[in-house]
Amino acid sequence: MAYSATFSSDIVYNSYMISSEHNILIPRPGDAVIAIAPPGAGSGYWAGGPSAVVADEGVYLAYRLRRPVGSGRGYAVALAFARDGVNFETIALIGKNEMDTESLERPELVRLPDGRWRLYLSCATTGTRHWRVEVTDAAHPADFDVRRREVVLPGDVRKRAVKDPVIQHSGGLWHMWATIHPLADPLETDQMTTEYATSPDGLDWTWQGTALCGRPGEWDARGTRVTAVRFEGQSVTAYYDGRASAAENYEERTGVARGGDPAALIATSAPGAGPAVSSPYQGGGLRYVELADLPDGRTRLYYEMTQPDGSHALVTELR
């Protein structure tokens, strides 16, 4: 079945029921081009976890660079700019040695209402399975100084890890969907849910509940991580990563969830249907979908996708 961004009637697409009023953009891996190449060849070398903001007649992109376990893990977060949304020039690089962390994961880049910028950084606490989120502000994405940063989401080193926040400012309120990993059982720490929180300033957060969790027996049973959110009138559409087992860690596929309440999202896939989309290459990883709405009405998608050699590239497509 051909991919389409707009539907003339209710149809089943990859076993997802999508109504005509929902302009849901499912990634088309065959149309994607590499925006950021992996930092090396083979499994464990990743460029991805993108966060994109359209500004200054182009696209600012924050993303994570990773090497295999034992060779550095998530060793840096890069910030880059491209007028065409494809050919990025690095404007800043934040190394894990600057952050007192064992590994860095997906950052979140936000333009503040006053025109300044904020960067949320997911940091692994050394020697543990714990993650925390730190934050720093700057006048421009090239100017972030992580010597001036603070912990904004501490989690709990014994109970839960917090990472990969997705943050929006809408209706005079800050909204966040963050990935939570349980830490009480060392054999279960790969599990993940997405919890929703609100804030008056993007710094002091109040947790509102679990927005999305895995469904027993389904492709997303082991965990769900929201990666992008759109408010559409009274409803919310979210893209999320899911996996069925611990063995699929690092090779999550993409699904779609919707709801009338940002704290209560419902996966749109039918029982037994599988994800909306995955990489065509071995492993199947297609994760961290991000949307950048352009001034001309089109949307540029960014996501991390497994390549033929097992590495992960940060790719993009224009819709």
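The values are calculated or read from the model by the stated rules, or taken from the named source; none is laboratory data. Treat the numbers as computed from the prediction; the structure is a model and nothing was measured. Virtual Cβ from ideal backbone geometry, glycine too; neighbours counted across all protein chains shown. Please note that ligands, DNA and RNA were not included when accessible areas were found on the heavy atoms of the full protein model with its side chains. Shrake-Rupley method; radii C 1.70, N 1.55, O 1.52, S 1.80 Å.
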So for the stretch 71-89 (the condition being on the phi > 0 side of the Ramachandran plot and among the basic types (Lys, Arg)), does at least one residue qualify?
yes
Checked the stretch 208-227 for anything at positive phi and open to solvent by 40 Å² or more (accessible area, probe 1.4 Å); matches are Gly217
Quick one: how many residues across the stretch 275-319 are in a strand (DSSP E or B) and hydroxyl-bearing (Ser, Thr, Tyr)?
6
Which residues, counting only those in the stretch 34-82, are part of a loop (DSSP other than H, G, I, E, B) and either buried (at least 23 other Cβ atoms within 10 Å of the Cβ) or of a type in the set (Lys, Arg) (or both)?
Pro38, Arg67, Arg73
Options His130, His140; residue that is free of Cβ contacts under 8 Å to residues at least 24 places away in the same chain and farther than 17 Å from Trp205 by Cα:
His140
Being farther than 20 Å from Tyr302 by Cβ, open to solvent by 20 Å² or more (accessible area, probe 1.4 Å) and either aromatic (Phe, Trp, Tyr) or within 16 Å of the chain's Cα centre (by Cα) (or both) is the filter here, so list the residues in the stretch 228-264 that pass it.
Asn249
Scan the stretch 9-29 for residues that are modelled with pLDDT under 95 and open to solvent by 30 Å² or more (accessible area, probe 1.4 Å) and report the count.
11
Of the residues in the stretch 86-103, those that are open to solvent by less than 30 Å² (accessible area, probe 1.4 Å) and under 14 Å from Val151 (Cα atoms) come to Met99, Thr101
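What's the total number of residues in the stretch 166-193 that are in a strand (DSSP E or B), over 14 Å from Val133 (Cβ atoms) and either out of contact with any Pro (no Cβ under 8 Å at 6 or more places or on another chain) or open to solvent by less than 50 Å² (accessible area, probe 1.4 Å) (or both)? Give the derivation first.
Filtering the stretch 166-193 for residues in a strand (DSSP E or B) gives 166-170, 173-182, 192-193.
Those left that are additionally over 14 Å from Val133 (Cβ atoms): 168-170, 173, 175, 182, 192-193.
Checking the rest, the ones that are also either out of contact with any Pro (no Cβ under 8 Å at 6 or more places or on another chain) or open to solvent by less than 50 Å² (accessible area, probe 1.4 Å) (or both) come to 168, 170, 175, 182, 192-193.
Within the stretch 166-193, residues that are in a strand (DSSP E or B), over 14 Å from Val133 (Cβ atoms) and either out of contact with any Pro (no Cβ under 8 Å at 6 or more places or on another chain) or open to solvent by less than 50 Å² (accessible area, probe 1.4 Å) (or both) number 6.
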Out of the stretch 135-158, which residues are surrounded by 12 or more Cβ atoms within 10 Å (Cβ to Cβ) and either assigned to a loop (DSSP other than H, G, I, E, B) or aromatic (Phe, Trp, Tyr) (or both)?
His140, Phe144, Asp145, Val146, Arg149, Pro154, Gly155, Val157
Looking at (1) modelled with pLDDT of 95 or more; (2) farther than 29 Å from Gly171 by Cα, find the lone condition where Ala263 falls short.
(2)
So, Asp190, is that one of a type outside the set (A, V, I, L, M), modelled with pLDDT under 95 and under 20 Å from Gly48 (Cβ atoms) or not?
yes
Only one of these is within 20 Å of Trp177 (Cα to Cα) and at pLDDT below 95: Gly283, Gly255, Gly233. Name it.
Gly233
Cβ-Cβ under 6 Å pairs, at least 6 apart or on other chains, the stretch 21-42 side aliphatic (A, V, I, L, M), far side open to solvent by 60 Å² or more (accessible area, probe 1.4 Å)
Ala41/Asp309
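Being within 24 Å of Ala52 (Cβ to Cβ), surrounded by fewer than 19 Cβ atoms within 10 Å (Cβ to Cβ) and among the hydroxyl-bearing types (Ser, Thr, Tyr) is the filter here, so list the residues in the stretch 194-207 that pass it.
Step one: of the stretch 194-207, the residues within 24 Å of Ala52 (Cβ to Cβ) are 194-199, 201-203, 205.
If we keep only those that are surrounded by fewer than 19 Cβ atoms within 10 Å (Cβ to Cβ) as well, we get 198-199, 201, 203.
If the condition is that a residue be within 24 Å of Ala52 (Cβ to Cβ), surrounded by fewer than 19 Cβ atoms within 10 Å (Cβ to Cβ) and among the hydroxyl-bearing types (Ser, Thr, Tyr), then Thr198, Ser199 are the ones that fit.
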